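K.L.:
I'd like to ask some things about the structure below.
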Amino acid sequence: MALSIIFWILAVVIVGAALGVVLLRNVFRAALLLILSFLGIAGLFVILGADFLAAVQILIYVGAISVLLLMGIMLTREQQHGSPFGRLRWPAAVVVAALLVTIVMAVTGTPWSVGILAAPEPTTEAIANSLFSLERGFVLPFEIASVLLLAAVVGAIVIVREK
Amino acid sequence: MLNVGLEHYLTLSAVLFCIGLYGALAKRNVVIILMCIEIMLNAVNISLVAFSRYLGLITGQTFAIFVMTVAAAEVAVGLALIISVYRHRGTVDVGEVDLMKW
């Protein structure tokens, strides 16, 4: 019961903040609302019993990605223009609304076979086993992800370097 | 209504994804478009973690970690591109970056 109330509060905060990101003209306020939305999603992870992911969400999204985005806003001063809508404003709204109705109908129409929920346990060890176990693990994707990160960081440095 | 189940999380995820998609399609400031892509990736993460909780499989959370990795790489490269374009053309409006358009 308490979890339901927390879910609804978090849902309202997340959706409201995301709408603010899209609808506000001020880029800086949009970024701050985006951080609020990330924090709300970390709260959702907590009530879903994903403790490790909640911590990672705060570290990576609230800590790192938000700072990168704020730096990007400050390095590209466009305060006088803000973030206007383009020509696709109304066509995109129609298409996205149709997509939303379709997804929601698919979600509510599918008979999910949800069993009795187990009590949440610490997930860090389970995630580590799932990532690194030798039979059904994700060792190769893990290594590829680390190479991808390295390549992305080196590429970012090369792109922004002054000639 | 008050008993929150898997459908509620999936619906919230769909709403968030559609908000992000709308922003990515309709906005003209490229930094805002990058933020909207982040919202879409987060929406996918919500449904992955909800599936992981309600179906009792930890693999969903493992996938969410990979999604976060890709999101971090995407933001780093995306902002580098934005800053580079801003330096050369003095704008972050996607309508005015039309060098490869014909």
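Just so it is clear, none of the values below were taken in a lab; they were calculated from the coordinates. Quantities reported herein were computed from a predicted structural model and do not represent experimental measurements. All Cβ positions, glycine included, derive from the backbone under ideal geometry; neighbour counts span all protein chains shown.
K.L.:
Would the protein assembly as shown count as rounded, prolate or oblate if I go by the C-alpha gyration tensor, calling it rounded below 1.5 in a/c and otherwise prolate when a/b exceeds b/c, oblate otherwise? If you can, show how the numbers build up before the last one.
P.N.:
On the way: a/c = 2.08, a/b = 1.37, b/c = 1.51.
Oblate is the answer for the protein assembly as shown, as a/c is 1.5 or above yet b/c matches or exceeds a/b.
K.L.:
Within a 10 angstrom radius of each residue's Cβ in B:67-73, how many Cβ atoms of other chains show up on average? Whole number is fine.
P.N.:
Shielding by partners across B:67-73 averages 6.
K.L.:
Further question: Rank B:A24, B:A72, B:A50 by mean-square fluctuation in a GNM of chain B with C-alpha springs under 10 angstrom and give only the top-ranked residue.
P.N.:
Answer for the Gaussian network model of chain B: B:A72.
K.L.:
Just want the ordering: B:D98, A:D51, from fewest to most Cβ atoms lying within 10 Å of their own Cβ.
P.N.:
Values: B:D98 9, A:D51 15.
Starting with the residue having the fewest Cβ neighbours, the order is B:D98, A:D51.
K.L.:
Do any trypsin sites (Lys or Arg not before Pro) in the stretch B:40-102 lie in a loop, going by DSSP, with at most 10 other beta-carbon atoms within 10 Å of their beta carbon, and if so which?
P.N.:
Sparse-neighbourhood loop trypsin sites (Lys or Arg not before Pro): B:K101.
K.L.:
If you take each beta carbon of peptide A:81-94 and count the beta carbons of other chains within 10 angstrom, what is the mean?
P.N.:
Mean partner shielding for this stretch: 5.
K.L.:
Then there's this: In what sequence do B:E7, B:E96, B:E38, A:E162 fall when counting other Cβ within 10 Å, fewest first? Before the final figure, lay out each step's value.
P.N.:
On the way: B:E7 17, B:E96 12, B:E38 22, A:E162 4.
Ascending Cβ contact count within 10 Å gives the list A:E162, B:E96, B:E7, B:E38.
K.L.:
What average number of partner chain Cβ atoms lie no more than 10 Å from the Cβ of the residues making up B:5-17?
P.N.:
For this peptide, the per-residue mean of nearby foreign Cβ atoms is 6.
K.L.:
Taking Cα pairs under 8 Å and at least six residues apart, what relative contact order does the stretch A:32-163 come out at, in percent?
P.N.:
Rounded, it is 24 percent for the stretch A:32-163.
K.L.:
How many angstrom separate the Cα center of the stretch B:85-101 from the Cα center of the stretch A:4-22?
P.N.:
34
K.L.:
Quick one: 3J(HN,Hα) in Hz for the stretch A:108-123, Karplus 6.51/-1.76/1.60 with θ = phi - 60°, rounded, Gly and Pro as x.
P.N.:
Taking θ as phi minus 60°, the curve returns 6, x, 7, x, 6, 8, 9, x, 6, 6, 6, 5, x, 10, x, 9 Hz for the stretch A:108-123.
K.L.:
Continuing with this model, one more query. As a test of understanding, state the convex hull volume per residue of the stretch A:27-110 from its alpha carbons, in Å³.
P.N.:
108
K.L.:
What number, rounded to the nearest 500 deg cm²/dmol, is the helix-based mean residue ellipticity at 222 nm of chain A, given -39500 (n - 2.57) per DSSP H run of at least four residues and division by all its residues?
P.N.:
-23000 deg cm²/dmol, from helical runs alone.
K.L.:
What relative contact order, as a whole-number percentage, does the stretch A:1-90 give when Cα pairs under 8 Å and 6 or more residues apart are counted?
P.N.:
Here the relative contact order equals 30 percent.
K.L.:
Enter the angle in degrees (range 0 to 90, nearest 10) between the Cα long axis of helix B:30-55 and the first principal axis of the Cα atoms of chain B, meaning the one along which they spread out most.
P.N.:
Helix B:30-55 sits at roughly 10 degrees to that axis.
K.L.:
Given an 8 Å cut-off on Cα distances and at least 6 residues of separation, report the relative contact order of chain B as a percent.
P.N.:
26
K.L.:
Here is a further query. Who wins for biggest fluctuation among B:G56, B:G78, B:G20 in a Gaussian network model of chain B, springs between alpha carbons below 10 Å?
P.N.:
Result for chain B, Cα springs under 10 Å: B:G56 fluctuates most.
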